[in-house]
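Chemist: Sharing a structure, written as structure tokens. Questions coming.
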Amino acid sequence: MPKPSSGRAPDYIVEEGTCAYGVEVKRPATESGAERKLLEAAKQLRDYGVPGLILMDLSDVCGLHAFAWVTTNVAATRANALHRRFNTLSARLRSLVLDEKSNRPHPNFEQVLVLFAFARSCVWIDGPSAGATILAMAAGSAFVSPVRNLRYWHSIDLVERTVAGLNAAG
């Protein structure tokens, strides 16, 4: 594991052979808060001296708490609106990390290998077929060199382990 520098440690450190990766988990409440949390997570990785993954729980930002109970006739319309909001926000966060023109991370985001955004909620749909359902959205971006080097394979492995861990946690 790397020796910490002046920065606060990431939420998790994943060791793979001789490499260590940081995992930062952020749960912003607002859209502007999501951008601030993304910058904060990247700074924590950079200051600690490890490349890593940022997990952004956008459930509150997308307003999923307001979607806890709906009637059948508005469920699909509201779900589509929430998906659009989630997709717009996750694309915005991705654009803060990656300069699309150069296909390289923006300054201060060089340590970010993966950005994984998700939102989830349990929804009660009231109507003839009333019941609870899970609403879940996810978007992931890996920021690695087009050359499939060791960093690339470690990034893929880190994503797979993270997804497996999220699935195991429910």
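The values are calculated or read from the model by the stated rules, or taken from the named source; none is laboratory data. All values derive from a computational prediction rather than experimental measurement. All Cβ positions, glycine included, derive from the backbone under ideal geometry; neighbour counts span all protein chains shown. Surface areas here come from the heavy atoms of the whole protein model, side chains and all, with no ligands, DNA or RNA. Shrake-Rupley method; radii C 1.70, N 1.55, O 1.52, S 1.80 Å.
Chemist: Of Glu160, Glu110, which residue is of a type in the set (Asp, Glu), touching a residue at least 12 places away in the same chain (Cβ under 8 Å) and either open to solvent by less than 40 Å² (accessible area, probe 1.4 Å) or at negative phi (or both)? Before you say what the answer is, go through the steps one by one.
Modeler: Details: Glu160 fails: touching a residue at least 12 places away in the same chain (Cβ under 8 Å).
Every option except Glu110 fails the conditions.
Chemist: Out of curiosity, is Glu40 surrounded by fewer than 22 Cβ atoms within 10 Å (Cβ to Cβ) and touching a residue at least 24 places away in the same chain (Cβ under 8 Å)?
Modeler: On the way: surrounded by fewer than 22 Cβ atoms within 10 Å (Cβ to Cβ): yes; touching a residue at least 24 places away in the same chain (Cβ under 8 Å): no.
In short, no.
Chemist: While we're looking at this one, here's another question. Would you pick out the residues in the stretch 76-95 that are more than 13 Å from the chain's Cα centre (by Cα) and crowded, with 18+ Cβ neighbours inside 10 Å? Give the derivation first.
Modeler: Step one: list which residues in the stretch 76-95 are more than 13 Å from the chain's Cα centre (by Cα), which gives 76-85, 88, 95.
Correct list: Leu82, Arg85.
Chemist: Identify all residues within the stretch 58-75 that are under 21 Å from Ala130 (Cα atoms), under 19 Å from the mean Cα position of the chain (by Cα) and surrounded by fewer than 18 Cβ atoms within 10 Å (Cβ to Cβ); write none if there are none.
Modeler: Across the stretch 58-75, the qualifying residue is only His65.
Chemist: Ok, one more. Return the total of residues in the stretch 113-140 being surrounded by 18 or more Cβ atoms within 10 Å (Cβ to Cβ) and of a type in the set (Gly, Ala, Ser).
Modeler: 4
Chemist: Is at least one residue of the stretch 72-82 under 21 Å from Val14 (Cβ atoms) and not in a loop (DSSP other than H, G, I, E, B)?
Modeler: No; the residues of the stretch 72-82 include none that is under 21 Å from Val14 (Cβ atoms) and not in a loop (DSSP other than H, G, I, E, B).
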